[in-house]
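These notes concern the structure reproduced below.
The values are calculated or read from the model by the stated rules, or taken from the named source; none is laboratory data. All of these numbers come straight from a predicted model, not from anything done at the bench. Positions of Cβ are backbone-derived with ideal geometry, glycine not excepted, and every protein chain shown enters the neighbour counts. Heads up: the accessible areas ignore ligands, DNA and RNA and are worked out on the full protein's heavy atoms, side chains in. Shrake-Rupley method; radii C 1.70, N 1.55, O 1.52, S 1.80 Å.
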Amino acid sequence: MKKYTYTESKDTRSGFGAGLVEAGRRNENVVALCADLVGSLKMGDFIKEFPERFVQVGIAEANMMGIAAGMTIGGKIPFTGTFANFSTGRVYDQIRQSIAYSDKNVKICASHAGLTLGEDGATHQILEDLGMMKMLPGMTVINPCDYNQTKAATIAIADHHGPVYLRFGRPVIPVFTPADQEFVIGKAWMVNEGTDVSIIATGHLVWEAIKAGEKLAEMGISAEIINIHTIKPLDEEAILKSVAKTGCVVSAEEHNRLGGLGDSIAQLLIRNTPVPMEYVAVNDTFGESGTPEQLMKKYGLDDEHIIKAVQTVMARKKTAAQ
């Protein structure tokens with residue numbers, strides 16, 4: 001098993017900020033809009049370098065989506081920025097009608113997603129956003145795992161034509177992917193090859209899966225770990241190839257069990273290769289206030305819960321083979 005180490009920890013939202021500046025340098029049509037959360041979205045460096053290419057919309061998220069859609073008509077590539085809850089739930093109608101239905105080249109960039117928003121509580125911890133956005137025809141949905149991958153994804157989506165939902169977070173987490181990585185939309189990243197179980201993770205849960213994999217190896221279990229940074233389009237080939245080898249799968253995501261990555265994997269498997277599967281996700285409930293670590297543990301999103309899911313799914317696989 002390949003060992004992953006890190007020398008620093010950073011928040012993925014800072015990866016977005018760094019990527020936005022680089023995207024702006026590469027393409028003069030890249031513009032940014034924010035709904036009064038410049039500091040939280042780490043847009044300060046972009047504003048300093050390109051003040052004429054930034055629009056402070058204020059606390060008017062629906063207007064921000066409409067303005068962004070209109071800017072694309074003139075050839076601009078708008079990146080909108082606010083919390084994930086306000087980027088989706090508050091403005092779903094505007095996204096559906098003005099962006100997705102019209103196939104506008106808007107990049108919806110959403111910070112503070114999931115439980116790890118922490119102390120702000122359930123009203124801000126959206127756990128339905130991946131499902132909401134992946135159901136929109138033509139919408140690309142991306143959920144990177146660390147600072148470097150978020151930066152690379154931000155740069156990559158500027159070159160992709162069409163609406164994109166880019167999800168990232170607030171907490172500081174290990175930086176373990178290469179700084180010089182090539183981010184390919186729709187292409188899964190093989191974290192570790194294995195033979196006994198497939199652990200397919202996204203976002204902050206990729207690092208938890210890596211920790212779980214190391215502990216499982218000590219228990220004599222060979223886990224194949226795959227990072228699905230692109231929820232839609234899903235890398236179906238990578239998932240089917242892995243499951244054909246291992247015969248069982250655990251999905252892991254900081255999202256509601258309903259509608260997220262796990263459901264996409266389950267739909268794929270039922271059409272092709274039905275195998276035992278377990279979900280590591282929030283079990284159809286709202287969150288609450290607490291530290292990210294406390295909430296990840298309470299709602300079953302840490303490495304220990306991934307290990308329990310692996311043990312359960314492998315027992316099911318053994319029973320099915322008898």
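Residues in the stretch 298-312 that are of a type outside the set (Asp, Glu) and either farther than 20 Å from GLY260 by Cα or more than 19 Å from the chain's Cα centre (by Cα) (or both): LYS298, HIS305, ILE307, LYS308, ALA309, VAL310, GLN311, THR312. Scanning the stretch 270-284 for residues that are over 19 Å from the mean Cα position of the chain (by Cα) and either open to solvent by 70 Å² or more (accessible area, probe 1.4 Å) or without any contact (Cβ under 8 Å) to a residue 24 or more places away in the chain (or both) returns ILE270, ARG271, ASN272, PRO274. Looking across the stretch 188-203, the residues that are polar (S, T, N, Q) and either assigned to a loop (DSSP other than H, G, I, E, B) or surrounded by fewer than 24 Cβ atoms within 10 Å (Cβ to Cβ) (or both) come down to ASN192, THR195, THR202.
Scan ILE185, ILE95, ILE155, ILE173 and give me the residue that is open to solvent by 20 Å² or more (accessible area, probe 1.4 Å) and over 21 Å from SER40 (Cα atoms).
Of the residues listed, the single one that is open to solvent by 20 Å² or more (accessible area, probe 1.4 Å) and over 21 Å from SER40 (Cα atoms) is ILE185.
Looking only at the stretch 273-292, residues that are farther than 22 Å from THR312 by Cα and in contact with a helix residue (DSSP H, G or I) (Cβ under 9 Å, 6 or more places away or on another chain) come to 6 in all. Tell me whether the stretch 130-147 contains one or more residues that are on the phi > 0 side of the Ramachandran plot and assigned to a helix (DSSP H, G or I). No: the stretch 130-147 contains no residue that is on the phi > 0 side of the Ramachandran plot and assigned to a helix (DSSP H, G or I).
Among the residues of the stretch 210-261, just one is open to solvent by 40 Å² or more (accessible area, probe 1.4 Å), touching a strand residue (DSSP E or B) at 6+ places or on another chain (Cβ under 6 Å) and in contact (Cβ under 8 Å) with a residue 60 or more places away in the chain, namely LYS232.
Of the residues screened, THR72 is one that is of a type outside the set (D, E, K, R), over 21 Å from the mean Cα position of the chain (by Cα) and within 21 Å of ALA156 (Cα to Cα). Please specify each residue of the stretch 99-116 satisfying the condition of being surrounded by fewer than 20 Cβ atoms within 10 Å (Cβ to Cβ) and either over 15 Å from VAL141 (Cα atoms) or in contact with a Phe, Trp or Tyr (Cβ under 7 Å, 6 or more places away or on another chain) (or both). Listed by number, the residues that qualify are TYR101, SER102.
Of the residues making up the stretch 64-84, those that are out of contact with any strand residue (DSSP E or B) (no Cβ under 9 Å at 6 or more places or on another chain) and either hydrophobic (A, V, I, L, M, F, W, C) or farther than 11 Å from SER98 by Cβ (or both) are ILE73, GLY74, GLY75. Would you confirm whether any residue within the stretch 178-191 is among the small types (Gly, Ala, Ser), out of contact with any Phe, Trp or Tyr (no Cβ under 6 Å at 6 or more places or on another chain) and farther than 22 Å from LEU20 by Cβ? Checked the stretch 178-191: at least one residue is among the small types (Gly, Ala, Ser), out of contact with any Phe, Trp or Tyr (no Cβ under 6 Å at 6 or more places or on another chain) and farther than 22 Å from LEU20 by Cβ.
When you scan the stretch 208-218, do you find a residue that is out of contact with any Pro (no Cβ under 8 Å at 6 or more places or on another chain) and over 20 Å from GLY194 (Cα atoms), even just one?
If we filter the stretch 208-218 for residues that are out of contact with any Pro (no Cβ under 8 Å at 6 or more places or on another chain), which is where we start, we get 208-218.
Still in the running and over 20 Å from GLY194 (Cα atoms): none.
No.
Please give the number of the condition GLU119 fails out of (1) within 30 Å of ALA179 (Cα to Cα); (2) open to solvent by 10 Å² or more (accessible area, probe 1.4 Å). That leaves (1) as the condition not met.
With the condition kept exactly as written, say whether any residue in the stretch 39-49 is closer than 30 Å to LEU216 by Cα and in contact with a His (Cβ under 9 Å, 6 or more places away or on another chain).
There is no residue in the stretch 39-49 that is closer than 30 Å to LEU216 by Cα and in contact with a His (Cβ under 9 Å, 6 or more places away or on another chain).
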